[in-house]
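Okay, so here's the structure we're looking at.
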Amino acid sequence: MANEALTGTSLASDPPAHTRSRATLTENLSPRATRPEGLHHGEGRHPGHRTGGEGLLEANFVALFTRHPDQLALVREDPSLVPAASNEVLCFWAPVHAWGRRVTQDVTIEGTEIPAGAQVAILFDAGNRDPRHYGNPDAFVVERDPVDHLSFGDGPHGCAGQGLARLEAHAVIGALSRRVGRLVAGPEVRVPSNTTRSIEQLPVLEVIPA
Ligand code: HEM
């Protein structure tokens, strides 16, 4: 199942174990994690490791499907859309806004020179909404399946916990679409943060069963 959740991602096969922490995380969180001996939560040092009740991901699902009941209905009609819907939520509202990189050599990107040694912030939402890559990027469309979104970063240091996060996402969207016909919610209260897009409170006012 984890392998399926990682289909098309940079972690579709086990990533290179080139650092100690990566090796430990790979052991616990990569496709191998679903072996019967257990699934262990890692000690993620970034805000993304708190995928549970703290609103980083699951509350984003609920908030977005509340705003777009037609998209929830599509997933209900066709459960095979669950992975695509999960990718769309992650792409549409990147749970982590930005991540840093230190530039190792002089580089020019679209006319802007970035010197070796500079620190740059990579804005995931900007990439995820790049109209040169995705048509109609500001629409929430569960059938789009933006499998190459940037919300887990990319490359050898792409999120090591994304297998676990994706499994959680599939479980939440699957359960929501099976059990809920429509949700009515009040305005969400966001956690003020320049790093994460988290929801502190999301008052669910009405649940209409499927
Ligand atoms: C919605 C959930 C999550 C999001 C959006 C997220 C996002 C990210 C992002 C953007 C990065 C930086 C990637 C890069 O530099 O290219 C990252 C790295 C990382 N994440 Fe996550 N993450 C999530 C869940 C998790 C979980 C559940 C764990 C572990 C239990 C985890 C562990 C890590 C680790 C260890 C790294 C550093 C990897 C390295 O430097 O080699 N993440 N994550």
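Applying 1/(1 + (r/R0)^6) with R0 = 35 Å to the Cβ-Cβ distance of ARG67 and VAL120 gives a FRET efficiency near 0.60. Other residues lying with their Cβ under 10 Å from the Cβ of GLN119 contribute a combined charge of +2, Lys and Arg counting +1, Asp and Glu -1. Here's how it looks for GLY181: its modeled amide H is under 5 Å from those of ILE208, ALA210, which are all 5 or more places away or on a different chain.
Once you sort the root eigenvalues of the Cα gyration tensor of the range 143-210 as a ≥ b ≥ c, which label holds: rounded (a/c under 1.5), prolate (a/b larger than b/c) or oblate (the other case)? Oblate is the answer for the range 143-210, as a/c is 1.5 or above yet b/c matches or exceeds a/b. Label-to-label distance for ILE109 and THR195 is 2.1 nm, based on points extended 7 Å past Cα in the beta-carbon direction.
Remark on VAL107: its backbone amide H falls under 5 Å from those of ILE114, ALA116, a criterion applied only to residues 5 or more positions apart or on other chains, H modelled at 1.01 Å from N.
Rule-based calculations on the coordinates, nothing more; no lab input. Predicted model, so just to flag it, every value in this text is computed and none were measured. Ideal geometry is used to build each Cβ from the backbone, glycine not excepted, and the neighbour counts take in all protein chains shown.
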